[in-house]
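Shown next, in C-alpha cells, is the structure this report addresses.
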Amino acid sequence: MGQIFEGDMNGSGLRIAIVATRWNEFIVERLTAGAQDALNRHGVRKDAIDVAMAPGAYEVPFVAKKLAASGRYHGVVTLGCVIRGATPHFDYVASEAASGVSAAARETGVPISFGVLTVDSIEQAIERAGTKAGNKGAEAALALLETINLCRSIEGRSSEEA
Ligand code: INI
C-alpha cells in the first residue's frame, strides 16, 4: 500500500489570520470567539492570531486573499453569517463567499477554511454559533489546522517546523 497523508491539529508555532464580518456581528463575534478558543486550545499563541474585520460576506474572499498573499500567515479562517431573506441577494452573497474563498486558497497556495454560515433563519445561525449545533467558528479553525498540517505531511515536513 502507498502512503497515507494526514494532518494533526497541532497549532504550535503557527500564525493564523481570521477574517470576520461586521454584518450579523451578534452571531459572528461568537464564531470568532469559538475559533480563537479552538486555536488557543490546540497550541496557537494568542499573539499569533490576527483578526481582520470585513464589511460583509461578499468582501470576505478579497480580504482573505490579501491576508493569505501577505506571507505572514500559515492559514486563514473566514467567518461570517448570511441569512436567507426574501430576495435572491442571499444566493449571490453566499455563493460568491464560498467560491471566492476556495479560489483565494487555490490562487495563493495558503489554506483558507470556510466558516461562513449560510442559513435560513436567525435561529439556525444561533444554533451554529455556540449552542445546540456546536460552534462553526471552532470547526473552521480546526479544519484549518488539519489542512495546514496535511500540507506539511504531503511536503514531508513535520507540524513542529515553521
Ligand atoms: N452580508 C452578510 O455578511 N450577511 C448577510 O446576510 C447579508 N445580506 O443579507 O445582505 C450581507 N450583505 C452584504 C454584502 O455581504 C456586502 O457587504 C454588500 O453587498 C456590499 O458589497
Residue match in the stretch 60-71 (condition: in a loop (DSSP other than H, G, I, E, B) and at pLDDT 95 or above): yes
Sole exception among (1) among the β-branched types (Val, Ile, Thr); (2) open to solvent by less than 40 Å² (accessible area, probe 1.4 Å); (3) within 20 Å of Asn40 (Cα to Cα) for Val119, by number: (3)
Every residue from the stretch 78-93 that is open to solvent by less than 80 Å² (accessible area, probe 1.4 Å), near the ligand (Cβ under 8 Å from one of its atoms) and assigned to a helix (DSSP H, G or I): Phe90, Val93
Matching residues, the stretch 44-65, being open to solvent by less than 20 Å² (accessible area, probe 1.4 Å) and within 12 Å of the ligand (Cβ to nearest atom): Ala54, Gly56, Ala57, Val60, Pro61
Per-region count, the stretch 1-43, residues aliphatic (A, V, I, L, M), part of a loop (DSSP other than H, G, I, E, B) and open to solvent by 10 Å² or more (accessible area, probe 1.4 Å): 3
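The values are calculated or read from the model by the stated rules, or taken from the named source; none is laboratory data. If you're wondering where the values come from, they're calculated on a predicted model, not measured in any experiment. Counting neighbours? That spans all protein chains shown, and the Cβs are built from the backbone with ideal geometry, glycine included. Side chains included, ligands, DNA and RNA excluded: accessible areas come from the protein's heavy atoms. Shrake-Rupley method; radii C 1.70, N 1.55, O 1.52, S 1.80 Å.
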